[in-house]
Structures are given as structure tokens and as C-alpha cells.
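See below for the structure under consideration.
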Amino acid sequence: MNRYKLLHITEFQYDGPVSERYNEVRLRHMQDDQQSCLSFRISTIPPTHPSAHLDFFGNWVHQFNVLPDHRMLRIETESIVLVHPPAHRPESHAILPEGEHREQLCDDFYDLLTPTEYVPQPQELDPLIEAALSGSDGTALGFAETAARNIHTQFRYEKGATQVKSTIIDALQTGAGVCQDFAHLLIAVARKSGLPARYVSGYLVPRRTAEPGASIEEVIGGQASHAWTEIYIPDLGWIALDPTLGKPVGLQHVRIAYGRDYGDVAPVRGVYKGHAGQRLSVDVRVRPALDDEGCEHLQETAAGPISEIEDLEPPQQQQQQQ
């Protein structure tokens, strides 16, 4: 089953009035040869009239304003997405780029090779790079796949170990993090080794929904939103790896947006006027394709306050202007 209906609800509750809210949302799924967004709807309470555009990376961005006083904001998106089975991948013999080849890649993918706020390139990365080199077959693809497996095995998945603003330095120091941190770590390892890499935001559908007949499993890191990495291999193009799971991306992964790091793809971002405290909750639900009996079942994958959600950035509070 690779056709999914997804419902994503984000709700802000305030203990006092706020006003003049300006928001942008990245929650519409990608449309390309790997995935088809068959339908998409966005609505808000209070009602607004969102406008849409494509950003620098080709992601859909919806923007809306709420000017009057309000004590609650609800953002609801509903999508139907078809994930296509991956095409046959030919064997790769490319090695890690060096010399002129590395300089050419830097010219072509400068934004995806240079350090960013979330993804610096400290010396603490060197042991991860050396382990991936020694454990692979000498190809760039083997290096990337080994690095993803090593991050999965060497770092603990632990909610609360890092925050939404954490960089890879925090994960390297604690040895723990969430999917956002693991994706950033793999990006840093790839970039420091000369391979362009980008951050991917999306959802990880539970296996019992994505694969009929498979045993029920707990999906690490896929309860509300998920993140993984795509790495450019010179003779293959972009290949997608999930370091949280330690393996390549499959039909369970539903993509929303690309970016240099999390900062480019935050699901909800905005500002408002007011001093009220807020509570943020997120609910994500997946409706699979019809089963063999023609039935369709709704499965909840998340519902919890912001303390349980690692991959959402709430709007920033502003002081009341005179």
C-alpha cells in the first residue's frame, strides 16, 4: 500500500489574546517522479486566505495572516499522496570526489556543501568519517550507506536529548538525538567528505500501514514528522538514506520539503504580537489505500503537546508595538 491520505493538524492555544500573526507553512507534499501529490487542502481557524508560492528549493510555501485578536490558531492540511516504487538503481563505481572533481561539485552544489548553522563541520566528525571509510567498499555510495548505518548504531534515539534549535555539536556531545539530529549528522559527514547533501522533511508511515502482512512495529522517529538525508553520488544522482533507521528510504517515506538543514523546511514558522503563554499540539493521521477487502482504516500516528514533538518550530512571540 503506497497511496496514503494524510491529515496534519497543528493547534496553538493561548492563555490571553494575541494579534497580527504572520505565518508560513511547508506541509504540501512534493510532486515529482518519485511521488505524486494527488490532492492537497489547507484550512485555518480563524479562517484565512492562504497564498502559495515555491521557494528557492522548489518547496511549496503557504502564507497567511491573522490580524484580529485571537486565543487559538488551528492549521489543518489534508493530502492524498502516491509514493512510487523506486526505479532500478544501477551499480555505482564512483569514489569520493577529490581535486578538480571536488571543486566542480562545489561550484554546482555550493549551498549543499558549505557549513550551516545546524550543520557545521567540526573536527569531532572525523571519527565518523574514518569509520565510514574503513567500513565501506571504497565507493561514494558505500561510504554514504555505511555512514547512515553507523549513525543509527552509534547514537541513541532519545526524545528531549536535543532541542529544535540544536546543532550537530549537541548530538556529538551527548551521543543522542532525534531524527532531525541524525539527518544533520549524515549531512555533515557527507559534506565534509565532498558529497553534496540535503535535508528532507516528511512523514514515516508505520510499516503495518505501508506493507500489508508485515508485523506490527514501533516506528522510531516517525510519530509526528520525520527527517532523513539525500546525498548526491556523482554517477547516480540523489540517493535517499534514513540514518534514524540505518537504511535506504522506501515506500514508508513521504516527502514534504528539501533544504540545507531544518531551518529551510520548518513545518510552521511565524510571528505574532502578544505576551500570552501558549500550548502547541500536533496530530498526524494516516489513512492507507484500500485493503484486499475494500476497506479503508484510519490510523493515528501522533497526538501530543510540543514537549513530545521534536520537529516543529512554533511562531516567535513579539512585544506589543505602540
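On the basis of the beta-carbon distance and an R0 of 51 Å, Glu103 and Thr174 show a calculated FRET efficiency of 0.90.
Between the residues Pro196, Phe182, Cys106, the greatest Cα displacement towards the positive end of the dipole of region 99-264, with unit charges on the Cβ of Lys, Arg, Asp and Glu, is found for Phe182. Counting Lys and Arg as +1 and Asp and Glu as -1 over every other residue whose Cβ lies under 10 Å from the Cβ of His62, the net charge comes to +1. The charge dipole of region 99-264, taken about the Cα centre with unit charges on the Cβ atoms of Lys, Arg (+1) and Asp, Glu (-1), comes to about 520 debye, rounded to the nearest 20. Each peptide among 26-37, 106-117 gets the average number of other Cβ atoms lying within 10 Å of its residues, and from highest to lowest they stand as 26-37, 106-117.
Computed packing ranks the peptides 94-100, 162-168, 12-18 as 162-168, 12-18, 94-100, most packed first, by mean other Cβ atoms within 10 Å. The tail of the calculated P(r) for region 99-264 beyond 23 Å holds 33 percent of all Cα-Cα pairs.
All of the numbers you see were taken from the coordinates with simple rules; none came from a lab. Remember, it's a predicted structure, so these values are computed and weren't measured experimentally. As a convention, Cβ positions derive from the backbone with ideal geometry for all residues, glycine included, and neighbour counts pool all protein chains shown.
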